[in-house]
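J.: First the structure, which I've put down as structure tokens, then a few questions once you've had a look.
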Amino acid sequence: VTGVLRDYGISLESMIQRGRAPGEAVPVVLTTHDCQEAEMRDALKRIAALQAVLEPPALIRIESL
């Protein structure tokens, strides 16, 4: 996932990953630095196609004033 973000020039700001029992899916929440939304959407398409990704990723825009 981080390699895909790197390929699109998207810098990771933080990551939250809670542990689960072996063999269970693990939700991951990523926050990025400012980036172009089109680049993020393209990156998410590639991330969704990864074999390790079990559910489509969701994008929640965080805007600052």
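The values are calculated or read from the model by the stated rules, or taken from the named source; none is laboratory data. Everything numeric in this text was worked out from a predicted model, so none of it was measured. Here the Cβ positions follow ideal geometry from the backbone for every residue, glycine too, while neighbour counts run over all protein chains shown. What goes into the accessible areas is simple: the full protein's heavy atoms, side chains included, and nothing from ligands, DNA or RNA. Shrake-Rupley method; radii C 1.70, N 1.55, O 1.52, S 1.80 Å.
J.: On the protein heavy atoms, probe 1.4 angstrom, tell me the percent of accessible surface of the chain carried by carbon and sulfur.
T.: Details: 2830 of 5470 Å².
Result for the chain: 52 percent of the exposed heavy-atom area is carbon or sulfur.
J.: If each residue of separation counts as 0.36 nm, what is the full-extension length gain between Ser64 and Ala38 once their alpha-carbon separation is subtracted? Present the calculation step by step, with values, prior to reporting the outcome.
T.: Details: separation 26, 0.36 × 26 = 9.36 nm, distance 1.82 nm.
Extending this stretch completely gives an extra 7.5 nm.
J.: For Ile62, what charge total do you get from the other residues with a beta carbon under 13 Å from its beta carbon, if Lys and Arg give +1 and Asp and Glu give -1? Show your work: numbers first, answer last.
T.: Numbers: positive: Arg61; negative: Glu13, Asp34, Glu37, Glu63.
Surrounding charge for Ile62 is -3.
J.: If you add up the charges near Ile10, with Lys and Arg at +1 and Asp and Glu at -1, over every other residue whose beta carbon is less than 14 angstrom from its beta carbon, what do you get? Walk me through the numbers before you get to the answer.
T.: Working: positive: Arg6, Arg41, Lys45, Arg46, Arg61; negative: Asp7, Glu13, Asp34, Glu37, Glu39, Asp42.
Around Ile10, the surrounding residues sum to -1.
J.: Right, another one. Compute a Gaussian network model of the chain, connecting alpha carbons closer than 10 Å, and tell me which residue from Glu37, Glu55, Glu24 fluctuates the most.
T.: Residue with maximal mean-square fluctuation among Glu37, Glu55, Glu24: Glu24.
J.: Helix 37-48: angle to the longest alpha-carbon principal axis of the chain, degrees 0 to 90, nearest 10?
T.: Roughly 20 degrees between the two axes.
J.: Rolling a 1.4 angstrom probe over the protein chains, ignoring ligands and nucleic acids, what is the accessible area of Ile16 in square angstrom, nearest 10?
T.: Surface open to solvent at Ile16 totals about 80 Å².
J.: Sticking with this one: Looking only at the stretch 1-41, which residues have a backbone nitrogen under 17 Å from a spot 7 Å from the Cα of Glu55 in the C-beta direction?
T.: Once the point is set 7 Å along Cα→Cβ of Glu55, 16-21, 23-31 turn out to lie under 17 Å by backbone N, inside the stretch 1-41.
J.: Pull out a ≥ b ≥ c, the square roots of the eigenvalues of the alpha-carbon gyration tensor of the stretch 1-56, then state rounded if a/c is under 1.5, prolate if not and a/b is larger than b/c, and oblate in the remaining case.
T.: Working: a/c = 2.69, a/b = 1.59, b/c = 1.69.
It is oblate, given that a/c is not under 1.5 and a/b is not larger than b/c.
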